[in-house]
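One structure below.
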Amino acid sequence: MDQAILDKYAVWCEQTKNDPDMQAELTAMASDENEIYERFYSELSFGTGGLRGVIGAGSGRMNVYTVCRATQGLADYLNARYDTAAVAISYDSRLKSTDFARAAAQTLAANGICAYIFPQLEPTPVLSFAVRELHCQAGIMVTASHNPAKYNGYKCYGPDGCQMTDADADAVTDCIRKVDIFRDVKTVPFDEAIVDGSIVEIGNDLLDRYMEKVLDQQICPGLCQDIPLKVVYTPLNGTGNLPVREVLHRIGVHQVAVVPEQELPDGNFPTAPYPNPEIRQAFTCALKLAETVKPDLLLATDPDCDRVGIAVR
């Protein structure tokens, strides 16, 4: 194997001595050169959508170190462009999402950038709204969308609440390449940053304003009050459970049966290994429930709730 890869592996072993989980994973692969090569031969690339990869130890995996390096690059990009900057952060139900979101907030705060973070998981559309509503210069959504459970990711948004353009993503990539993953990343303790105001938890008032905007998009207000619908809904163990049910309730859809196996957040997605509502397999549990409930409509949303699938009898 290339000595440079072995050297990189050795650096990771040395620099993560205070991280028991990372140390255990690195030690487990010590005698497996193929595994070391797979994890360290490249770095996780930053594209238009941000980062996405398999969760685990290594420069080519999603972990707090690769997330913080990307965030340091984003911070350098924002500080070079704006006199003051703020970033909104949300995350879905995937494994390590909470850890990655908090780590990103800590790095932003250490770089003088205000980090607005939701205290609980929220869908991607809510993050997009928060970027605009809070007048942020960027947004971060920790998610791997509808990919299998072993993946996580990190989507970046511009001040318009949309995913970064290619030009901006390229500029952030240039900044990330200049960051040494262990020497150059700044961070502060999360609780201290909360106290001094450099990390701010987003309150329910923003969620109320978001809900009002969603309801404003109705094409035929009151229709569901006049023509009752019976619905089976599955959030596929993601972020959609509470907000989607609230929207349905407010527009007059009161007969909603939620698929029990897929109701609560679970990054392992035990009953939907590929939680993509555009494919029939994601509806397996909903279809089974529909045999009893006899609904007019089936709804499914992906883990970060920016994609919906619909089935009718």
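The values are calculated or read from the model by the stated rules, or taken from the named source; none is laboratory data. Keep in mind that what you see is a predicted model, and the values were worked out from it rather than measured. Using ideal geometry, Cβ is built from the backbone for each residue, glycine included, and neighbour counts are taken over all protein chains shown. Accessible surface is based on the protein model in full, side chains and every heavy atom, while ligands, DNA and RNA are left aside. Shrake-Rupley method; radii C 1.70, N 1.55, O 1.52, S 1.80 Å.
Summary table below
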{"item": "Calculated P(r) tail over 19 Å for the stretch 114-231, as whole % of Cα pairs", "result": "64"}
{"item": "Antiparallel content of DSSP bridges confined to the chain, in %, to 5", "result": "40"}
{"item": "Binned Cα-Cα distance frequencies in the stretch 89-169 - 5 Å width, integer %", "result": "3, 17, 26, 26, 19, 6, 2, 0"}
{"item": "Most mobile of 43, 122, 263 in a GNM of the chain (Cα contacts under 10 Å)", "result": "43"}
{"item": "Residue 190-residue 132 FRET efficiency (beta carbon distance; Förster radius 22 Å; 0.05 resolution)", "result": "0.30"}
{"item": "The chain - percent relative contact order, Cα under 8 Å, separation 6 or more", "result": "18"}
{"item": "Gain in span if fully extended, residue 42 to residue 225, counting 0.36 nm per residue against the direct Cα distance", "result": "60.4 nm"}
{"item": "Percent accessible area from carbon and sulfur atoms, the stretch 274-313, protein chains only, probe 1.4 Å", "result": "54"}
{"item": "The stretch 186-271: proportion of alpha-carbon pairs further apart than 23 angstrom, %", "result": "46"}
{"item": "Compactness relative to 2.2 N^0.38 Å, alpha carbon Rg of the chain", "result": "1.07"}
{"item": "The stretch 6-34 and the stretch 140-173: distance between their alpha carbon centers, rounded to Å", "result": "28"}
{"item": "Heavy-atom accessible area per residue - the stretch 1-144, 1.4 Å, Å²", "result": "40"}
{"item": "The stretch 1-128: equivalent-ellipsoid semi-axes (sqrt of 5 x gyration tensor eigenvalues, Cα, Å)", "result": "29, 16, 13"}
{"item": "Rough spin-label spacing in nm, given labels placed 7 Å along Cα→Cβ, for residue 167 and residue 287", "result": "4.7"}
{"item": "Beta bridges by DSSP in the stretch 186-313, antiparallel share as percent, to the nearest 5", "result": "40"}
{"item": "Whole-number D in µm² s⁻¹ for the stretch 1-49, Kirkwood Cα-pair radius fed into Stokes-Einstein, 25 °C, 0.890 mPa s", "result": "211"}
{"item": "The chain, helix-only ellipticity at 222 nm - DSSP H runs n ≥ 4, -39,500 (n - 2.57), divided by all residues, nearest 500", "result": "-12500 deg cm²/dmol"}
{"item": "10 Å binning of all Cα-Cα separations within the stretch 238-313, expressed as whole percents from 0 upward", "result": "18, 57, 24, 0"}
{"item": "Qualifying lysines (Cα of each under 22 Å from Cα of residue 8; at least 8 residues distant if same chain)", "result": "17, 178, 186"}
{"item": "Considering only the stretch 1-156, percent of DSSP beta bridges that pair antiparallel, nearest 5", "result": "40"}
